[in-house]
Amino acid sequence: MKAQYLELVEAARRAKRRAFAPYSHFHVGAALLSSNGRIYSGCNVEISTYALTICAERTAIFKAISEGERNFKAIAVVSDDPDFTPPCGACRQVLMDLAGNIDFLMINGKGAVKVLSMKTLLPHAFGKKNLTRTKQHKT
Ligand code: THU
């Protein structure tokens, strides 16, 4: 694996230690790599009403966007699950909208890594392009 990706996986592991998951006890860490080499990490943060919970991936990308980052290369996600942790549907849409077709690295509880593109995870995605087309048709 590329050295930059190894560093990303380590950052996701560190972020997992900060997971706030008192309800599910499912701890997740994410680390997002920007095109200029910066890393933004995030963990899942659970809320007592459950639905307001935010996944590690969205914590990381919202942090990055709010710091002014707009271009990304990859995101790594770590959990303790022996199986790989794929992103939920909401995170797939958010990542595709804000980061595009980046690499998504899943690291399972045994340390194995699987890399999938965002296009593979969310084929035929809805996006800004669809809204632009609708606008053109109306005018
Ligand atoms: N979770 C993530 O943070 N990322 C994922 O990719 C899957 C699920 C979190 C949300 C919730 O806090 C817990 O894992 C159980 O769903």
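Taking 0.36 nm per residue of sequence separation and subtracting the Cα-Cα distance, how much length would be gained by fully extending the chain between residue 71 and residue 36, in nm to one decimal?
My answer for the length gained is 11.8 nm.
If you split all Cα-Cα distances of the stretch 3-138 into 5 Å bins from zero, what percentages do you get per bin, shortest first?
Computed distribution, short to long bins: 2, 11, 20, 23, 20, 12, 6, 3, 2, 1, 0.
Out of the total accessible area of the chain (probe 1.4 Å, heavy atoms of protein only), what percent is carbon and sulfur?
That share works out to 55 percent.
What value, in deg cm²/dmol to 500, does the helix sum -39500 (n - 2.57) over DSSP H runs of n ≥ 4 give at 222 nm once divided by the residues of the chain?
-11000 deg cm²/dmol
Excluding residues on the same chain fewer than 8 positions from residue 110, give the aspartates and glutamates whose Cα lies under 16 Å from its Cα.
Leaving aside aspartates and glutamates fewer than 8 places away in the same chain, those within reach of residue 110 are 10, 80, 81, 83.
Run the quick spin-label model on residue 7 and residue 113: label points 7 Å from Cα toward the beta carbon, then report their separation in nm to one decimal.
Distance between the two pseudo-spin positions: 1.3 nm.
Would you mind counting up the charge near residue 80? Only other residues with Cβ under 15 Å from its Cβ, with Lys and Arg at +1 and Asp and Glu at -1.
Local net charge: +4.
Loop-only GluC sites (Glu not before Pro) in the stretch 43-139, please: DSSP not H, G, I, E or B, and at most 12 other Cβ atoms within 10 Å.
Here the GluC sites (Glu not before Pro) that fit, given the DSSP loop and packing criteria, are 67.
I need the phi-derived Karplus couplings for the stretch 35-45: 6.51 cos²θ - 1.76 cosθ + 1.60, θ = phi - 60°, integer Hz, Gly and Pro marked x.
4, 8, x, 7, 10, 10, 9, x, 10, 6, 10
The values are calculated or read from the model by the stated rules, or taken from the named source; none is laboratory data. Keep in mind the model is a prediction, meaning the values are calculated, not measured. Because the Cβ atoms are built from the backbone with ideal geometry, glycine has one as well, and the counts that use them run over all protein chains shown. When the accessible area is computed, the model is the full protein with side chains, heavy atoms only, and any ligands, DNA or RNA have been set aside. Shrake-Rupley method; radii C 1.70, N 1.55, O 1.52, S 1.80 Å.
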